[in-house]
1. Express in nm, to one decimal, how much length is gained between residue A:4 and residue A:275 on full extension, taking 0.36 nm for each residue of separation and deducting their alpha carbon distance.
2. Between the DSSP loop rule and a limit of at most 14 other Cβ atoms within 10 Å, which GluC sites (Glu not before Pro) in the range B:110-187 are left?
3. Once you've got the Cα coordinates, tell me which of A:49/B:170; A:269/B:147; B:71/B:170 are over 29 Å apart.
4. For residue B:84, give me every one of the aspartates and glutamates with a C-alpha distance below 14 angstrom, ignoring sequence neighbours fewer than eight places off in its own chain.
5. Between residue B:187 and residue A:171, what FRET efficiency comes out of the Förster formula 1/(1 + (r/R0)^6) with R0 = 45 Å and r the beta carbon distance, rounded to 0.05?
6. Mind listing the Cα extents of the range A:2-298 along all three principal axes, in Å, largest one first?
7. Using modelled backbone amide H atoms (1.01 Å from N, in-plane), which distant-in-sequence or interchain residues come within less than 5 Å of residue A:139's amide H?
8. Local charge sum around residue A:108 (other residues, Cβ-Cβ under 13 Å, Lys/Arg +1, Asp/Glu -1)?
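The values are calculated or read from the model by the stated rules, or taken from the named source; none is laboratory data. Every value quoted in this text rests on a predicted model; they were computed, and no experiment measured them. Glycine also receives a Cβ, built like all others from the backbone with ideal geometry; neighbour counts cover every protein chain displayed. Surface areas here come from the heavy atoms of the whole protein model, side chains and all, with no ligands, DNA or RNA. Shrake-Rupley method; radii C 1.70, N 1.55, O 1.52, S 1.80 Å.
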Amino acid sequence: MTEILYGVFVGPFRDMAGSPAFLVEVLLGGVATGLMYSLVALGFVLIFKASGVFNFAQGVMVLFAALTLVGLMERGVPVAVALVMTMAVMVGLAFLIERVVLRPLVNQEAIILFMATIGLNFFLEGFGEMVWGANVKKLDVGIPDRSFIVAGVQINQLEMSAAATAAVLVAILAVFFQRTRIGRALRAVADDHEAALSIGIPLKTIWLIVWSVAGLVAIVAGIMWGAKSGVQFSLSLVALKALPVLILGGFTSVPGAIVGGLIVGVGEKLGEVYWGPLVGGAIENWFAYVIALVFLLFRPQGLFGERIIERV
Amino acid sequence: MSAGNGMSRPILSVNNIEVIYDHVILVLRGVSLRVPEGGIVALLGANGAGKSTTLKAISGLLRTERGDVTKGSVELLGEPIHRKDPGEVVRRGIVQVMEGRHVFEHLTVEENLLTGAYTRCENAAARKDLDLVYTYFPRLVERRGFKAGYISGGEQQMLAIGRALMARPKLMLLDEPSMGLAPMLVQEIFEIVSRLNREEGVSLLLAEQNATIALRFAQYGYVMESGRIVLDGDAKTISENEDIKEFYLGLTGVGQRKSYRDVKHYRRRKRWLS
């Protein structure tokens, strides 16, 4: 009994204090992974915030973006050109989605739109496979996956670049949503489609903008994850890890997606390294879902989610 | 149906429109009405008479509900607008304040107002109009930083009207501004609205179940029933006509409802009147 208590409450902290450099390394690793979760979660938040649709296809959009980029590069297109072309493809996709899926479903229940995105999910998955093939591809964006040591702490260059990119992207989006006219209109549409229409906000344009932005975020997430673990169909499953991040941070909050991602990333790394051995490891795979479950019980709107306003 | 009321040229004329929902359900039949420039016109009638549908046919919001204007036309200053989408209608100068207020709950009061100016790209002018809205609705000043979902119902109604005003409309369509509000507040809101009409030159078309107050502020009135306009006339004439009050507006001389037998009798007489 005392052994278990020691293992849970004392041992890990003694290990942390014993080797601070290693602790910092673990934390950095956690932050880097966490920000990458955040990137995927961000795509969900953008679309949910602006159209009240939970986009089931976000994970596949990440995959599709990465596949398109790699596919173009494999055909000898230079990186920069391929990137621009991928952006064009994602914006085109947003345009098509608005035209074919969203416009006919204006003013329908959220659940109907959600199911439409499930269909979109399967379509994109099949379409991506048809066009680009199903084998695992290596994505090389020119950032070497090597580590160097600063003050006794090992730092991975690729992970740090990913983290920095994510941070910049988030800052831009936060300003966009809070301070600009279009950002305000996006939030207005999220609150009440019909009222937004009644004061002349064109839903078509707004939806085109959010889906495009979500597509661009998907490209960034796709590049980061693709560089880390190769472009393959399991990439669409990172969306599953984004779910606990969303539950933690709140579905409607950009900062929430970031903080949620960090908590999940850091939490699972720390858990894995220090508490993992107690249960034989592999905490990383389920830790996030446990946190999400706890949040659902005690704070269902998440850390930064909008309170559900009910009037009587 | 006579539409003349002697004032200036109409800013809005609705000519004999028919509205069909979902390609099959006929909800409006031959509705015609006119709003003179700078006037206040009341559209009266019971629940489900077609008042909201008429307003939505004008503002273009109808199509998001799978409704369609299949016959007739809606003209703003002589130009047909019934084929335009809502954004275009707002840009041309008609804004609808929807029934049930519909403020953006998670945006602050000020952000709500600023979104109202979406169709006008100039930011400086929007800031100036913000002050204008605050002078008409001083209650909103102290609430400017609050989330709109947390302010009172009366304040939300004011916010919805203020937000519409931010688009600088020539004509405002008000759908049941009195709904769910205390009589004192209703009075306050109607007074502000009629000041907007006098001082800012905004013409008004208001759909109301509360006929008493609507007719007190309007110059002209139309009465709807089952998707048709059954009567129109000067506000004064309508509010003084006992029969109209009885049949359509649910008001009796002594302020009480009569028994069903009387109603049946009146229903029969009504046919002769209309």
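1. On the way: separation 271, 0.36 × 271 = 97.56 nm, distance 1.11 nm.
Length difference between fully extended and current span is 96.5 nm.
2. Of the GluC sites (Glu not before Pro), the ones in loops of the range B:110-187 whose Cβ has at most 14 other Cβ atoms within 10 Å are B:122, B:142.
3. A:49/B:170; A:269/B:147
4. Straight-distance partners of residue B:84: B:68, B:75.
5. Details: r = 49 Å, r/R0 = 1.09.
Between residue A:171 and residue B:187 the formula returns 0.40.
6. Cα spread of the range A:2-298 along its principal axes, largest to smallest: 64, 50, 34 Å.
7. Correct list: A:230, A:231.
8. Charge balance near residue A:108 sits at -1.
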